[in-house]
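For reference, the structure discussed in these notes is given below.
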Amino acid sequence: AQSVTQLDSHVSVSEGTPVLLRCNYSSSYSPSLFWYVQHPNKGLQLLLKYTSAATLVKGINGFEAEFKKSETSFHLTKPSAHMSDAAEYFCVVSLSGGYNKLIFGAGTRLAVHP
Amino acid sequence: GAVVSQHPSWVICKSGTSVKIECRSLDFQATTMFWYRQFPKQSLMLMATSNEGSKATYEQGVEKDKFLINHASLTLSTLTVTSAHPEDSSFYICSARPPAGPNYGYTFGSGTRLTVV
């Protein structure tokens, strides 16, 4: 069975400091992994995706994530946080191929302080 | 490209009435769309998978007679909350995946905030 665990429900950083949002997954198959961001009362925006190509994935707005199969992790990072990064972030797993369901993590709320 | 439009963005209705939410893929065809429900400060829960030209597939615990899904065309899926009650108040989000490969990211609508009074 597939599952996603986001290890922190809340993360708080100062503007200009690095961001680390942690995600571990469980999948019996080769997974596709995604990070989405959601601003209040908005839909979800795709930040980046891993689909069995390069293990270091670069996304929008300076975010990147590294797929580590040995650790079953897909942590999201950004070198320098911006106030506009404050939002809810979801780590998501999907089976490879086909129109399979997305399995969402519980989400991590990122707060960015001046 | 790959835009999913959801309408309305918010709606308030009285208990016992029905509400229809539309989800449109604007620049691609979507044979499959997904409907999610999100409670405050919680993650998204898949309610059902909407299939063009056939019946929707509902997740366990979701009342199909309560949440009617119609996917009559390749660009439109609708979710109707029938006989709404206050406990149906929630944020509903649809999504679809553009046909750009098996692992392309899913595109989400902007969501509909339903409040039943």
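Derivation of every value follows stated rules applied to the coordinates shown; laboratory data play no part. Every value quoted in this text rests on a predicted model; they were computed, and no experiment measured them. Note: ideal-geometry Cβ built from the backbone for every residue, glycine included; neighbour counts use all protein chains shown.
Numbers at a glance
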item: A:Lys78 vs. criteria more than 10 Å from chain B (Cβ to nearest Cβ), touching a Phe, Trp or Tyr at 6+ places or on another chain (Cβ under 6 Å) and farther than 27 Å from B:Met47 by Cβ; result: yes
item: Residue count for the stretch B:1-36, restricted to those that are within 9 Å of the chain's Cα centre (by Cα) and within 13 Å of chain A (Cβ to nearest Cβ); result: 7
item: Residue satisfying condition, being surrounded by fewer than 19 Cβ atoms within 10 Å (Cβ to Cβ), in a strand (DSSP E or B) and of a type in the set (Asp, Glu), within set A:Glu66, A:Glu71; result: A:Glu66
item: Boolean, B:Phe39 is surrounded by fewer than 17 Cβ atoms within 10 Å (Cβ to Cβ), within 13 Å of chain A (Cβ to nearest Cβ), at negative phi and in contact (Cβ under 8 Å) with a residue 12 or more places away in the chain; result: yes
item: Sole exception among (1) under 29 Å from B:Trp10 (Cβ atoms); (2) surrounded by 20 or more Cβ atoms within 10 Å (Cβ to Cβ); (3) within 13 Å of chain B (Cβ to nearest Cβ); (4) aliphatic (A, V, I, L, M) for A:Val93, by number; result: (1)
item: Strands (runs of 3 or more DSSP E) (entirely within the stretch B:1-70) containing at least 1 residues that are farther than 17 Å from B:Ala84 by Cβ and not aliphatic (A, V, I, L, M); result: B:4-7, B:19-25, B:32-38, B:44-51
item: Single condition A:Leu46 does not satisfy, out of (1) under 10 Å from the mean Cα position of the chain (by Cα); (2) buried (at least 20 other Cβ atoms within 10 Å of the Cβ); result: (2)
item: Residue match in the stretch A:23-42 (condition: more than 14 Å from chain B (Cβ to nearest Cβ), surrounded by fewer than 18 Cβ atoms within 10 Å (Cβ to Cβ) and outside any loop (DSSP other than H, G, I, E, B)); result: yes
item: Single residue of the stretch B:14-29 satisfying the filter (over 9 Å from B:Ser77 (Cα atoms) and of a type in the set (A, V, I, L, M)) that is surrounded by the most Cβ atoms within 10 Å (Cβ to Cβ); result: B:Val19
item: Within the stretch B:75-117, considering residues that are more than 14 Å from chain A (Cβ to nearest Cβ), of a type in the set (A, V, I, L, M, F, W, C) and in a loop (DSSP other than H, G, I, E, B), the one nearest to the chain's Cα centre (by Cα); result: B:Ala84
item: Sole exception among (1) over 16 Å from A:Gly105 (Cα atoms); (2) buried (at least 19 other Cβ atoms within 10 Å of the Cβ); (3) within 9 Å of chain B (Cβ to nearest Cβ) for A:Val19, by number; result: (3)
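Yes/no matrix, rows are residues, columns are (1) under 16 Å from B:Gln42 (Cβ atoms); (2) among the basic types (Lys, Arg); (3) touching a Gly at 6+ places or on another chain (Cβ under 9 Å); (4) free of Cβ contacts under 8 Å to residues at least 12 places away in the same chain:
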| site | (1), (2), (3), (4) |
| --- | --- |
| A:Thr51 | no, no, yes, no |
| A:Glu66 | no, no, no, yes |
| A:Phe74 | no, no, no, no |
| A:Gly107 | yes, no, no, no |
